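Some notes on the structure that comes next.
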Amino acid sequence: MDLFDRYPCGCDIDIRAGEAQNIRSELVARLKSILSGQGLRKPTINDIFHRVGYISPDGVRVVDYLRRKPVAIFNPGAATSGSKLWIFPRMVFDYYWYVSSIGFFEVDIDSILQGGVSDPIDVRLIVTPSESWEIYKGCEDPRVSIHNDMLYILYTAVGIDQRSSIIIRQALALLKNSNFEVVRKQCFAICVDGVRYRTFWKDSAILSLENSSVYMLTRPSIPMGDTYVDVNWFGVGDIETGCFDLESLNPVMGFEKEFEYKVGWSTNTLRISSNEYIVGWHAVGIDNIYRNGIAVISRDGELLGVSDYLLAPRRNATEFYGDRPGVVFGNGLIEYRDFIIWIGGVSDYSIGIFKTEKNRIFEEIRWVKG
């Protein structure tokens, strides 16, 4: 076996390379329609989410790793299994390289909603850095979907090349639902004529999985001049090969340049009708604070409706102060009875659990197409 067959995610051509000029030009041309802002949102915060409780690093006990206590536990993905809430936190155990892994624990949903969180909570590690393209900062910010008894965990893989340049990849870990055994890992790339092109890529969520085709909300960073542009995209890829069809990639939602400088998808998607999904998104304001809202998307990536900010860090020590102040970053979105539960990272240090009535969300949606 060739070394580069073992580590395929590290061998794609960088989209900044000369042979990718036509691809860059095509993606930039598609961006132009939303680069000036769509004018769909206002810088209004209507925080409709009730604070259920918080989980700090001191509130968990890691059962299968020598270092029992993480220094940070945040940005968790989420799913449900009956009356159980499955939480998949990003965990950091040291500050030398700040390397992340993905853990797992479960709690009773009704107990959470009625009384908050009790500790200690036993956590085990299920996705840890194991490939060359994760060797710098590991596995970050999971979003979780369940299909045919398999767990699909989208996460950000952070590696480093021989020139000490950071490489950020949109990765997938496929796990058995029965025991969380990792079956495979892979990265996504833009594929043209059999050639794979990579860029900084993260913040994705599966809309639909049909045979090997994955319909996905995603955020490839598009190079423009000396910087990258970060907006929300939709594309269709092959879940087996990790190849995204260039023709399928289209921008869906941009930042509002008067008060933001980037946006990203935040959560897994929730199907609410035959052709409607809700998803959480985050935006970074020109004040560098992360705030969150909800969008309604079709299966083909059309923006049907969007809210203003519905969840933002409150200006107290619990939510605003942490390793990266001023952040609520929700990776997990759960529907349970009449509630939408948003499980998020709080200032890159702890986990917050937030809930609201489902109807309240739809009262806040500004419909673009109906």
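Based on what the data block shows, is residue 305 modelled with pLDDT of 95 or more and closer than 30 Å to residue 18 by Cβ? Write out each step before concluding.
Details: modelled with pLDDT of 95 or more: yes; closer than 30 Å to residue 18 by Cβ: no.
It is false that residue 305 is modelled with pLDDT of 95 or more and closer than 30 Å to residue 18 by Cβ.
Go through the residues of the range 109-117 one by one and say whether even a single one is modelled with pLDDT under 95, surrounded by fewer than 23 Cβ atoms within 10 Å (Cβ to Cβ), at positive phi and in contact with a strand residue (DSSP E or B) (Cβ under 7 Å, 6 or more places away or on another chain).
Yes, because at least one residue in the range 109-117 is modelled with pLDDT under 95, surrounded by fewer than 23 Cβ atoms within 10 Å (Cβ to Cβ), at positive phi and in contact with a strand residue (DSSP E or B) (Cβ under 7 Å, 6 or more places away or on another chain).
Looking at (1) more than 17 Å from residue 111 (Cβ to Cβ); (2) in a strand (DSSP E or B); (3) at pLDDT below 95; (4) not aliphatic (A, V, I, L, M), which is the only condition residue 95 fails?
(2)
Do we find a residue being free of Cβ contacts under 8 Å to residues at least 40 places away in the same chain, among the acidic types (Asp, Glu) and surrounded by fewer than 24 Cβ atoms within 10 Å (Cβ to Cβ) anywhere in the range 299-317? First the steps, then the outcome.
So the first thing to find is which residues in the range 299-317 are free of Cβ contacts under 8 Å to residues at least 40 places away in the same chain, and the list is 313, 315-317.
After this cut, where a residue has to be among the acidic types (Asp, Glu) as well, the list is none.
Looking through the range 299-317, none of the residues is free of Cβ contacts under 8 Å to residues at least 40 places away in the same chain, among the acidic types (Asp, Glu) and surrounded by fewer than 24 Cβ atoms within 10 Å (Cβ to Cβ).
For the range 278-300, which residues satisfy the criterion of being touching a Ser or Thr at 6+ places or on another chain (Cβ under 8 Å) and not charged (D, E, K, R)? Break it down into steps so the answer makes sense when it comes.
Of the residues in the range 278-300, the ones touching a Ser or Thr at 6+ places or on another chain (Cβ under 8 Å) are 278-282, 292-295, 297, 299.
Answer for the range 278-300, where residues must be touching a Ser or Thr at 6+ places or on another chain (Cβ under 8 Å) and not charged (D, E, K, R): 278, 279, 280, 281, 282, 292, 293, 294, 295, 297.
Can you say whether residue 74 is among the hydrophobic types (A, V, I, L, M, F, W, C), at pLDDT 95 or above and under 18 Å from the mean Cα position of the chain (by Cα), as far as the supplied structure shows? Show your work before the answer.
On the way: among the hydrophobic types (A, V, I, L, M, F, W, C): yes; at pLDDT 95 or above: yes; under 18 Å from the mean Cα position of the chain (by Cα): yes.
So residue 74 fits the description; yes.
What residue, among those in the range 318-349 that are surrounded by fewer than 23 Cβ atoms within 10 Å (Cβ to Cβ) and small (Gly, Ala, Ser), is nearest to the chain's Cα centre (by Cα)?
326
Among the residues of the range 334-361, which ones are in a strand (DSSP E or B) and either of a type in the set (A, V, I, L, M) or in contact with a His (Cβ under 7 Å, 6 or more places away or on another chain) (or both)? Walk me through it before giving the result.
Our first condition is that a residue be in a strand (DSSP E or B); within the range 334-361, this holds for 334-336, 339-346, 350-357.
Matches in the range 334-361: 334, 340, 341, 343, 346, 351, 353, 354, 355, 356.
Would a scan of the range 280-291 turn up a residue that is out of contact with any strand residue (DSSP E or B) (no Cβ under 9 Å at 6 or more places or on another chain) and acidic (Asp, Glu)?
Among the residues of the range 280-291, at least one is out of contact with any strand residue (DSSP E or B) (no Cβ under 9 Å at 6 or more places or on another chain) and acidic (Asp, Glu), which makes the answer yes.
Assess whether residue 40 counts as being over 18 Å from residue 355 (Cα atoms), surrounded by 12 or more Cβ atoms within 10 Å (Cβ to Cβ), modelled with pLDDT of 90 or more and not polar (S, T, N, Q).
Numbers: over 18 Å from residue 355 (Cα atoms): yes; surrounded by 12 or more Cβ atoms within 10 Å (Cβ to Cβ): yes; modelled with pLDDT of 90 or more: yes; not polar (S, T, N, Q): yes.
Yes.
Anything in the range 330-363 that is in contact with a strand residue (DSSP E or B) (Cβ under 7 Å, 6 or more places away or on another chain), in contact (Cβ under 8 Å) with a residue 60 or more places away in the chain and charged (D, E, K, R)? List them, or say none.
If the condition is that a residue be in contact with a strand residue (DSSP E or B) (Cβ under 7 Å, 6 or more places away or on another chain), in contact (Cβ under 8 Å) with a residue 60 or more places away in the chain and charged (D, E, K, R), then 335, 348, 355 are the ones that fit.
Within the range 150-207, can you find the residues that are closer than 30 Å to residue 82 by Cβ and either acidic (Asp, Glu) or not in a strand (DSSP E or B) (or both)?
Within the range 150-207, 177, 178, 179, 180, 181, 203 qualify.
I'm trying to understand the selection: among the residues of the range 253-262, which are within 16 Å of the chain's Cα centre (by Cα) and surrounded by 24 or more Cβ atoms within 10 Å (Cβ to Cβ)?
Of all residues in the range 253-262, those within 16 Å of the chain's Cα centre (by Cα) come to 253, 262.
253, the sole residue that qualifies.
The values are calculated or read from the model by the stated rules, or taken from the named source; none is laboratory data. Please read all numbers here as calculations on a predicted model, not as lab measurements. Methodologically, a virtual Cβ is constructed for each residue, glycine included, from the backbone with ideal geometry; neighbour enumeration extends over all protein chains shown.
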